[in-house]
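Accompanying notes for the structure given below.
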Amino acid sequence: MYTQARALPLALAALLAVSSAWAADDGGAVKAQPFVVGKTVTKAVQAGITPDKAIEILKAGNVRFASNKSVSYDYKKQVGQTALGQYPLATVVSCIDSRSAPEQVLNQGIGNIFTARVAGNTVNTDILGSLEFAAKVAGSRAIVVLGHTNCGAIKGACDGVKMGNLTSLLENFMPAVNATKTDGERNSKNHEFVEDVAEMNVKLTVEKIREMSPVLKEMEDQGKIKIVGAMYDISNGKVTWY
Ligand SMILES: [Zn+2]
């Protein structure tokens, strides 16, 4: 009881600290400052970021990464700069795959992006709640569903793998498997089929976010955020944007 009574005001204070920053952006209390590659995103920088600009920043980050020109961030300095607040410009839903970490492949520093990671980059109510917090409370301007090539989760779904809790996770991808056409085998031996299912899964996940989250749908309709899909190619480091 004692712990709960103490924890609640702290949690509320933390939430309010973020939400007041967001409200300030809308209220014009913060004078927008330009985004600078390699620098920490502040409240003033976030205030000047549009949904299109947020996506443009991520695209540019991947171009740097794929051409081996990633900027190096001063993490130690950024930890200090972000200790009292975060003002991320976007949120990325990606796979747990060790080769597809959004912060690396989009070359973003501490505090730049929220990331929700689950095998096969799908969403459930917990992830949707996280996305709603990121957009509505913390001011993130874009949601990117980032799939990747040669995805083990997608292959597992194509092959109808059954194993422990993975069985129910893989069921999330069956709509994508069933909606994907092929003249060849409908399993992971068919490389083209696997990549087509992965692309279909990204597109269906984007639709699912709009369908299952009236909060995010409304924000998108009002032009406050954009929800887009993208595919990371693990063979060359490049992201294709849908
Ligand atoms: Zn994967």
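Details
- Some residue of segment 119-130 being over 30 Å from N68 (Cβ atoms), touching a helix residue (DSSP H, G or I) at 6+ places or on another chain (Cβ under 7 Å) and either more than 16 Å from the ligand (Cβ to nearest atom) or without any contact (Cβ under 8 Å) to a residue 60 or more places away in the chain (or both): yes
- The numbered conditions (1) more than 16 Å from the ligand (Cβ to nearest atom); (2) of a type outside the set (V, I, T); (3) more than 22 Å from F35 (Cα to Cα) are all true for L166 except (1).
- Per-region count, segment 166-216, residues within 19 Å of D233 (Cα to Cα), out of contact with any Gly (no Cβ under 7 Å at 6 or more places or on another chain) and either among the basic types (K, R) or part of a loop (DSSP other than H, G, I, E, B) (or both): 2
Residue-by-condition table, conditions (1) within 16 Å of the ligand (Cβ to nearest atom); (2) at pLDDT 95 or above; (3) crowded, with 20+ Cβ neighbours inside 10 Å:
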residue: S140; (1), (2), (3): no, yes, yes
residue: T149; (1), (2), (3): yes, yes, yes
residue: I154; (1), (2), (3): yes, yes, yes
residue: A157; (1), (2), (3): yes, yes, yes
residue: N178; (1), (2), (3): no, yes, no
residue: R186; (1), (2), (3): no, yes, no
residue: H191; (1), (2), (3): yes, yes, no
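- Within segment 226-236, the residues that satisfy the criterion of being within 15 Å of S94 (Cα to Cα) and part of a loop (DSSP other than H, G, I, E, B) are D233, I234.
- Checklist (1) of a type outside the set (S, T, Y); (2) away from the ligand (no atom under 16 Å from the Cβ); (3) in contact (Cβ under 8 Å) with a residue 24 or more places away in the chain applied to A198, failing item: (2)
- Candidate set: segment 95-118, residues that are over 20 Å from V71 (Cβ atoms) and aliphatic (A, V, I, L, M); chosen: the one nearest to the chain's Cα centre (by Cα): A116
- Qualifying residue in segment 134-147 (condition: in contact (Cβ under 8 Å) with a residue 24 or more places away in the chain, of a type in the set (A, V, I, L, M, F, W, C) and in a loop (DSSP other than H, G, I, E, B)): yes
The values are calculated or read from the model by the stated rules, or taken from the named source; none is laboratory data. Computed from a predicted model, the values in this text were never measured in an experiment. Here Cβ is always computed from backbone atoms with ideal geometry, including for glycine, and neighbour counts include all displayed protein chains.
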